[in-house]
Amino acid sequence: MASNRGKDMLLRLIREGQPLSFTQQLSLTFSLSMPAILASISAIVMQFIDAAMVGQLGADDSASVGLMGATNWLFEGVLSAFAAGYAVQVAHLLGAKRNAEARQVVRQAIVVCLLFSLVLAGVGLILCKPLPVWLGAEPRIRANASIYFGTFMLFVPFFMIDVVASSMLRSSGNMRVPSVLNVVMCVLDAIFNFFLIFPTRDITCLGHTMTIPGAGLGVMGAALGTASAGLVIAGLMMYYLVFRSRELSLTIDRGSFKPVMETFKKAIRISTPMGLQHIMMCSATIVIVGIVAPLGSIALAANSFGITAESLCYMSGYGIADAATTLIGQSLGAGRKQLARSFAWINVLSGMIIMGGMAVLMYIFATELMGLMSPVPEVVELGARCLRVEAWAEPLFAASIITYGVFVGAGYTFVPCGINLVSMWIVRLGLSALLVASMGLYGVWMAMAIELCFRGTVYLIWLSSKRWMKKAVIN
């Protein structure tokens with residue numbers, strides 16, 4: 001893997017129109033993706049710790065958190081999609097060596113995205129009470145589910161600051177700083193949760209008993225711990241972007257933070273299909289949670305913990321997708337379509353191999369992974385069965401994740417939106433509704449595995465064509 005200096009040199013070759021060998025392309029791909037992969041894996045490890053902490057409170061509390069997980073993901077995805085409309089423009093401008101214009105886009109993005117997040121937070125707070133009822137949750141878990149979601153929504157503007165700053169740094173090729181800070185956020189999350197979830201208690205270690213202070217907030221403590229960690233990292237991430245980034249620091253020159261309509265329209269053109277797609281995808285996931293909820297707390301908890309365990313596989317794919325977005329964006333910004341196509345296939349095939357290897361480990365250690373998060377035997381056994389059927393779909397899931405990152409780098413988001421919606425709403429939801437009656441939660445996960453294979457195959461077919469390159473949105 002290339003050093004940080006070597007990575008910068010290779011990125012400079014892209015912008016200056018110099019040739020890159022296959023070895024250099026592969027080295028650059030991994031130098032950009034590895035920090036993001038490691039950060040993603042550390043995030044999942046910390047999620048395991050979080051899940052284990054909440055799991056100690058009982059199946060009902062675990063179910064209340066799991067019930068709202070898909071909805072939280074929906075709001076996070078909308079934030080990311082909105083910021084991506086500006087980040088893709090920054091990548092194109094940097095690829096074309098128009099750095100001053102890139103910084104102007106960053107200034108506008110900070111203002112527009114923050115205003116958008118305030119509106120989104122208001123919507124979420126309105127929905128926090130009725131949403132668990134709409135999802136069909138059992139009455140005994142509704143209150144905690146509302147508390148968890150409402151606490152999360154209060155901190156949405158700070159999550160937006162983090163998303164904007166990290167996406168801008170990644171668009172410049174700086175994967176290391178966002179990745180390191182995300183690792184720190186995971187550590188802080190676990191620390192905050194440790195003190196906020198549980199009450200003051202005595203712990204015996206190596207024959208010595210010590211009193212550990214705690215707030216005893218339960219589910220609310222889990223939400224506050226995550227939100228507090230996000231607040232700290234949002235400040236650090238924005239500080240680095242504004243004052244320390246070599247290419248995007250806003251102290252390099254003066255500029256206006258006033259939004260420009262042309263830039264805004266281009267951002268909307270890129271981000272709207274992404275946002276609508278994410279809303280519809282997450283809405284489908286929420287519908288699936290609604291399908292699972294009547295199966296009871298055991299199924300809800302197994303579904304939630306299973307999703308956390310599976311993310312050990314697919315988060316590496318998202319790390320590579322981040323690298324793909326940067327490489328495709330800068331290559332196309334420099335007018336190098338053939339290089340962009342080469343980077344696309346290198347990223348996709350690498351991700352399929354890595355996620356395939358992770359899937360083998362998930363299949364083998366499914367029971368152990370579930371056991372780390374729940375002490376309830378029924379939850380562990382059901383979740384392990386679900387993970388093993390899902391493992392077969394991971395390589396093609398990788399193809400869909402990373403190809404989507406390729407298309408985002410090209411500003412080509414409309415067709416991928418259609419692919420995802422058809423796959424999710426027709427294939428996955430249709431099969432889930434069909435199989436849940438006879439197979440329960442296992443049938444829902446089998447439907448998921450079939451749908452991911454279908455989606456990945458369609459993405460590979462579309463990537464092999466040249467249509468996405470012709471429709472690229474480039475500054």
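For every helix of n ≥ 4 consecutive DSSP H residues, a contribution of -39,500 (n - 2.57) applies; sum these over the chain, divide by its total residues, and give [θ] at 222 nm rounded to the nearest 500 deg cm²/dmol.
Result for the chain: -27000 deg cm²/dmol, rounded to the nearest 500.
So if we plug the beta-carbon distance of W345 and W134 into 1/(1 + (r/R0)^6) with R0 = 41 Å, what FRET efficiency do we get, rounded to 0.05?
Result of the calculation: an efficiency of 0.45.
Between helix 377-391 and the chain, what is the angle of the helix's C-alpha long axis to the longest principal axis, kept within 0 to 90° and rounded to the nearest 10?
Helix 377-391 and the main axis of the chain meet at about 30 degrees.
Could you work out the relative contact order of the chain? I mean the mean sequence separation of Cα pairs under 8 Å and 6+ apart, divided by the number of residues, in percent.
The normalised contact order for the chain reaches 22 percent.
Give me the one-decimal nm value for the distance between modelled label points at A143 and R246, 7 Å along each residue's Cα-to-Cβ direction.
So the two model labels end up 5.6 nm from each other.
Give me the number: length gained by fully extending D253 to L276, i.e. 0.36 nm times residue separation minus the C-alpha to C-alpha distance, one decimal in nm.
4.7 nm
Using Cβ counts within 10 Å as a stand-in for footprinting exposure, how do C417, C113 rank, fewest first?
Exposure proxy ranking, most exposed first: C417, C113.
Could you put V287, V436, V408 in order, starting from the residue whose Cβ has the fewest other Cβ atoms within 10 Å?
So the residues, fewest neighbours to most, are V287, V436, V408.
Could you give the dipole magnitude of the chain about its Cα centre, charging the beta-carbon of Lys and Arg +1 and that of Asp and Glu -1, in debye to the nearest 20?
Result for the chain is approximately 2120 debye, rounded to the nearest 20.
Whole-Hz ³J(HN,Hα) for each residue in segment 86-99, computed from phi via Karplus 6.51 cos²θ - 1.76 cosθ + 1.60 with θ = phi - 60°, x for glycine and proline: what do you get?
Ordered by residue, 3J(HN,Hα) equals 8, 5, 5, 4, 4, 4, 5, 5, 5, x, 8, 6, 10, 5 Hz.
Which length gain, in nm to one decimal place, applies between K466 and K97 when the Cα-Cα distance is subtracted from 0.36 nm times their residue separation?
Extending this stretch completely gives an extra 130.3 nm.
Full-extension gain between Y239 and I353, please, as 0.36 nm times their residue separation minus the C-alpha to C-alpha distance.
Full extension from Y239 to I353 adds 37.4 nm.
For segment 279-361, with equal point scatterers placed on the C-alpha atoms only and solvent neglected, what are the log10 I(q)/I(0) values from the Debye formula at q = 0.20 1/Å, to two decimals?
Taken in order of the listed q values, log10 I(q)/I(0) reads -0.93.
Of W392, W445, how do they rank once you tally other Cβ atoms within 10 Å and put the fewest first?
With the sparsest Cβ surroundings first, the list reads W392, W445.
State the answer as a single residue: which of T285, M175, A52 lies farthest towards the positive end of the charge dipole of segment 4-470, with beta carbon charges of +1 for Lys and Arg and -1 for Asp and Glu, about the Cα centre.
Farthest towards the positive pole: M175.
Give me the percent of Cα-Cα pairs in the chain that sit more than 34 Å apart, rounded to a whole number.
That fraction is 32 percent.
What is the sum of charges, Lys and Arg at +1 and Asp and Glu at -1, for the other residues whose Cβ falls under 13 Å from the Cβ of N420?
Value of the local net charge: +1.
Report, in degrees rounded to the nearest 10, the 0 to 90 angle that the Cα long axis of helix 139-154 makes with the longest principal axis of the chain.
Compared with the principal axis, the helix lies near 30 degrees.
How tilted is helix 261-292 with respect to the longest principal axis of the chain? Cα atoms for both, answer in degrees (0 to 90, nearest 10).
Roughly 20 degrees between the two axes.
Quick note: the coordinates plus some simple rules give every number you see, no bench work behind them. Bear in mind the structure is a predicted one, so any value in this text is a computation, not a measurement. Counting neighbours? That spans all protein chains shown, and the Cβs are built from the backbone with ideal geometry, glycine included.
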